[in-house]
1. Calculate what fraction, in whole %, of the accessible area of the chain sits on carbon and sulfur atoms when a 1.4 Å probe is rolled over the protein chains.
2. Limiting things to C-alpha atoms, what are the Rg and the maximum Cα-Cα separation (Dmax) for region 78-179, in angstroms?
3. Using only Cα positions of region 9-110, each an equal point scatterer, no hydration layer, compute I(q)/I(0) via Debye at q = 0.16, 0.23, 0.25 Å⁻¹ and quote the log10 values to two decimals.
4. May I have the extent of the alpha carbons of region 88-133 along their three principal axes, as whole Å values ordered from largest to smallest?
5. If I stretch the segment between residue 170 and residue 35 completely, what's the gain in nm (0.36 nm per residue apart, minus their alpha carbon distance), one decimal?
6. If only Cα atoms are counted, what is the Rg of region 117-177, and what is its Dmax, in Å?
7. Sort the following peptides by mean Cβ neighbour count (other Cβ atoms within 10 Å, averaged over residues), highest first: 115-125, 2-12, 56-66.
8. Sum -39500 (n - 2.57) across every DSSP H segment of at least 4 residues in the chain, then divide by the residue count to get the 222 nm mean residue ellipticity, nearest 500.
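The values are calculated or read from the model by the stated rules, or taken from the named source; none is laboratory data. Fair warning: this is a prediction, and the values are worked out from it, not measured in the lab. Note that each Cβ is placed from the backbone with ideal geometry, even for glycine, and that neighbours are counted across all protein chains shown. Ligands, DNA and RNA are excluded from the accessible area calculation, which covers all protein heavy atoms including side chains. Shrake-Rupley method; radii C 1.70, N 1.55, O 1.52, S 1.80 Å.
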Amino acid sequence: MTTKSKRNALIVISVFILLFLLKEFVWDKYIVNPTEWDALKEKSGQPGTMVEVDEDNKLAVLYPGNGFHIYLVSKGYWGWSIHDEIAIPNESSGDPFTAQIKSLKQKGKDNLDIILILSRDKEIDHFIAFDESGEEYRFNRTINREQNTYLYYSIREVNVPGKLIYEAYSANDKLLYKE
């Protein structure tokens, strides 16, 4: 083997090693996440719940041990990434439930309003909320079984107007609480 061919072989091997290292330690770790869950792989509280907001945005709810953590995961040119997040601490206020409205910033779009209700009351099966104009809001539910806490959420792509009236119902549709 001549010196020139040895040098070319060394260059080819070096290029392959460099590409492998780039892919393994930089590309896969810092640049691209092929799925929504890959974007959340470093976050605690898995497995969680994933809800589709639209084709390019997903809402993930994880249970890290101290409440709930909500992530807005967005699809971009290099894959999926966390675009915004909300931490909901598991604090007991003595009330049957606490409600709040939070906004998440969507990538290239208006804010996404999310209505959050945190409860420890096992009797509550579902919530319905009404705004001042009478529009009804329905909620999804997820459970942090370790802390026996329920999170009800409703996603709105338009701003939630004013104050909401919340109604909590039992499994047999008996009104338990109205706030």
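1. 52 percent
2. Reported Rg and Dmax, both Å: 14.7, 49.
3. Debye intensities relative to I(0), on a log10 scale: -0.78, -1.20, -1.31.
4. For region 88-133, the Cα spread along each principal axis is 40, 29, 17 Å.
5. 44.9 nm
6. 12.3, 38
7. In decreasing order of mean packing, 115-125, 2-12, 56-66 become 56-66, 115-125, 2-12.
8. That calculation yields -4000 deg cm²/dmol at 222 nm.
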